[in-house]
1. Would you point out which residue out of 132, 104 is open to solvent by 80 Å² or more (accessible area, probe 1.4 Å) and not charged (D, E, K, R)?
2. Which number in (1) loosely packed, with under 11 Cβ neighbours inside 10 Å; (2) modelled with pLDDT under 80 marks the one condition that residue 89 misses?
3. Only one residue in 70, 79 is under 21 Å from residue 95 (Cβ atoms), surrounded by 18 or more Cβ atoms within 10 Å (Cβ to Cβ) and either in contact with a helix residue (DSSP H, G or I) (Cβ under 6 Å, 6 or more places away or on another chain) or without any contact (Cβ under 8 Å) to a residue 40 or more places away in the chain (or both), so which one is that?
4. Tell me which residues, restricted to region 31-89, are among the hydrophobic types (A, V, I, L, M, F, W, C) and part of a helix (DSSP H, G or I).
5. Any residue in region 105-134 that is under 30 Å from residue 67 (Cα atoms) sitting within a Cβ distance under 6 Å of a residue that is of a type in the set (S, T, N, Q)? List the pairs, counting only those 6 or more apart or interchain.
6. Might you check whether a residue that is assigned to a helix (DSSP H, G or I), within 30 Å of residue 10 (Cα to Cα) and either open to solvent by 100 Å² or more (accessible area, probe 1.4 Å) or in contact with a helix residue (DSSP H, G or I) (Cβ under 7 Å, 6 or more places away or on another chain) (or both) occurs anywhere in region 113-127?
7. Against the conditions (1) surrounded by 14 or more Cβ atoms within 10 Å (Cβ to Cβ); (2) more than 11 Å from the chain's Cα centre (by Cα); (3) part of a helix (DSSP H, G or I), where does residue 17 fall short? Just the number, please.
8. Suppose we filter region 37-55 for residues that are open to solvent by less than 50 Å² (accessible area, probe 1.4 Å) and either closer than 25 Å to residue 106 by Cα or free of Cβ contacts under 8 Å to residues at least 24 places away in the same chain (or both); how many remain?
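The values are calculated or read from the model by the stated rules, or taken from the named source; none is laboratory data. Model, not experiment: these values are computed from the prediction. Don't worry about glycine lacking a Cβ; one is built from the backbone with ideal geometry, like all the others, and counts go over all protein chains shown. Each accessible area value is taken on the protein alone, full model and side chains, heavy atoms only, with ligands, DNA and RNA left out. Shrake-Rupley method; radii C 1.70, N 1.55, O 1.52, S 1.80 Å.
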Amino acid sequence: MGDPAEPNDSQTWTIAQVSDEFAITHRTVRHYEELNLISPERRGTVRVYHRRERTRLNLILRGKRLGFPLEEIRTIIDLYDQPRGQVSQLSYVLDQIHDRRGHLEQRRREIEDALTELDEFERRCQSDLRQLRQ
């Protein structure tokens, strides 16, 4: 018997449910729909989200947390839908991870340099202030 926390393929969700689940606004969900990153079923004016949209939404949000731009996220997600998508997707993602890691490491070095410079500036200011108070 399946885990009740795991959705089955026939289960559906409303925009309110997916918004709550992923802690994002309805507007954000609709924005991803407008960008064709997700495509919920329409029943009249009601959006119906299937497991595929939830999975895609999860990937979008993970990509955003990692700092990938939406166009890169789109490419990664779209690769998954192509034949042999998982192999090409994983190869592409690994390249993107390598690039992203390089950017983040560069930013970390820049932040560390800025903090070192701030520490030195703070020490000089404190020293100058002590001398002025004497």
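1. The match here is 132.
2. (1)
3. On the way: 70 fails: surrounded by 18 or more Cβ atoms within 10 Å (Cβ to Cβ).
Sole residue among the options that is under 21 Å from residue 95 (Cβ atoms), surrounded by 18 or more Cβ atoms within 10 Å (Cβ to Cβ) and either in contact with a helix residue (DSSP H, G or I) (Cβ under 6 Å, 6 or more places away or on another chain) or without any contact (Cβ under 8 Å) to a residue 40 or more places away in the chain (or both): 79.
4. Answer for region 31-89, where residues must be among the hydrophobic types (A, V, I, L, M, F, W, C) and part of a helix (DSSP H, G or I): 57, 59, 60, 61, 70, 73, 76, 77, 79, 87.
5. Short answer, once both residue conditions are applied: none.
6. no
7. (1)
8. So the count comes out to 1.
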